[in-house]
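Single-structure report; data block below.
The values are calculated or read from the model by the stated rules, or taken from the named source; none is laboratory data. Everything numeric in this text was worked out from a predicted model, so none of it was measured. Don't worry about glycine lacking a Cβ; one is built from the backbone with ideal geometry, like all the others, and counts go over all protein chains shown. Ligands, DNA and RNA are excluded from the accessible area calculation, which covers all protein heavy atoms including side chains. Shrake-Rupley method; radii C 1.70, N 1.55, O 1.52, S 1.80 Å.
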Amino acid sequence: MAKKDLGVVPAVYPMPVLIVAAYGKDGKVNAMNAGWGMICDMDKIALFISEGHKTTKNILETKAFTVAIADKAHMDVADYFGMASGNNTPDKFARTGYTAVKSQHVNAPIIEEFPVTMECELAEVVSTETMYCIVGKIANVVADETVMSKNGKVDPAKLNALIFDQFQGGYYVSGDKVGQAWNAGKPLMQKK
């Protein structure tokens, strides 16, 4: 099979579509779409976002934030959060008509419309010549019952989580289960 050089592109797929929210010192909610974020420990999340974002400034002031998983039903607002800047649009969150409630665990807003939200305390800021990263310690996770399975865990098939395509700038939905982790590779583990 022939391969073609594509040059330098951020060639990781899929990428989660995460909605990061924090209060400003004035108590106003700001939220942003962060496509470059990932769990970095069992109780930590790393967000590779720039210092210039209004949400980043808010996180540094309040030392807390929430991270919601964007879903198909709320794709329009999730995309808007990535297009509009809180630095230039003071009523950015209010324009959506969405509802935010204060987390019971950290000083940050939970956006009610998104089905799964991690409530985080600022753990660390990693700033180097090549990277800026906000690391949050997850204090709690809240999830709508509509996306839960009978075993009390989030069901990806019900979540309809958005995933971002860095190649063509598209949103897709995850959900089809094709195997079981720590099981699909068992035959190779037993191979002699």
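Tell me, please, whether a residue that is crowded, with 23+ Cβ neighbours inside 10 Å, under 22 Å from residue 138 (Cα atoms) and touching a Phe, Trp or Tyr at 6+ places or on another chain (Cβ under 8 Å) can be found in segment 96-107. Checked segment 96-107: at least one residue is crowded, with 23+ Cβ neighbours inside 10 Å, under 22 Å from residue 138 (Cα atoms) and touching a Phe, Trp or Tyr at 6+ places or on another chain (Cβ under 8 Å). If you go through segment 1-43 and keep only what is without any contact (Cβ under 8 Å) to a residue 40 or more places away in the chain, open to solvent by 70 Å² or more (accessible area, probe 1.4 Å) and more than 16 Å from the chain's Cα centre (by Cα), you end up with 1, 2, 3, 4, 5, 6, 8, 25, 26. Applying the selection to segment 160-172, what residues are surrounded by 14 or more Cβ atoms within 10 Å (Cβ to Cβ) and among the hydrophobic types (A, V, I, L, M, F, W, C)? The answer is 161, 162, 163, 164.
The residue list 113, 61, 119 contains one member that is surrounded by 22 or more Cβ atoms within 10 Å (Cβ to Cβ) and modelled with pLDDT of 95 or more, which is 119.
Checking each residue in segment 139-152 for being on the phi < 0 side of the Ramachandran plot and more than 18 Å from the chain's Cα centre (by Cα) picks out 145, 146, 148, 149, 150, 151.
Search segment 173-192 for residues being among the hydrophobic types (A, V, I, L, M, F, W, C) and surrounded by 10 or more Cβ atoms within 10 Å (Cβ to Cβ), and hand back the single one that is nearest to residue 71 (Cα to Cα).
Looking at residues that are among the hydrophobic types (A, V, I, L, M, F, W, C) and surrounded by 10 or more Cβ atoms within 10 Å (Cβ to Cβ), I get 173.
The single condition from (1) open to solvent by 30 Å² or more (accessible area, probe 1.4 Å); (2) without any contact (Cβ under 8 Å) to a residue 12 or more places away in the chain that residue 84 fails is (1). Give me the pairs: first residue in segment 58-77 and touching a residue at least 24 places away in the same chain (Cβ under 8 Å) and outside any helix (DSSP H, G or I), second residue of a type in the set (D, E, K, R) and surrounded by 22 or more Cβ atoms within 10 Å (Cβ to Cβ), beta-carbon distance under 6 Å, and six or more apart or on different chains, which are they? What qualifies is 66/119.
Residues of segment 131-159 that are hydroxyl-bearing (Ser, Thr, Tyr) and either open to solvent by less than 50 Å² (accessible area, probe 1.4 Å) or at pLDDT below 95 (or both): 132, 149.
Residues that are under 17 Å from residue 35 (Cβ atoms) and hydrophobic (A, V, I, L, M, F, W, C) within segment 149-192 comprise 161, 162, 163, 164, 167, 173, listed in sequence order. The residues of segment 44-78 that are closer than 21 Å to residue 163 by Cβ, small (Gly, Ala, Ser) and more than 12 Å from the chain's Cα centre (by Cα) amount to a single one, 73. Residues that are under 17 Å from residue 36 (Cβ atoms) and out of contact with any Asp or Glu (no Cβ under 7 Å at 6 or more places or on another chain): does segment 92-112 have at least one? Taking every residue of segment 92-112 in turn, none turns out to be under 17 Å from residue 36 (Cβ atoms) and out of contact with any Asp or Glu (no Cβ under 7 Å at 6 or more places or on another chain).
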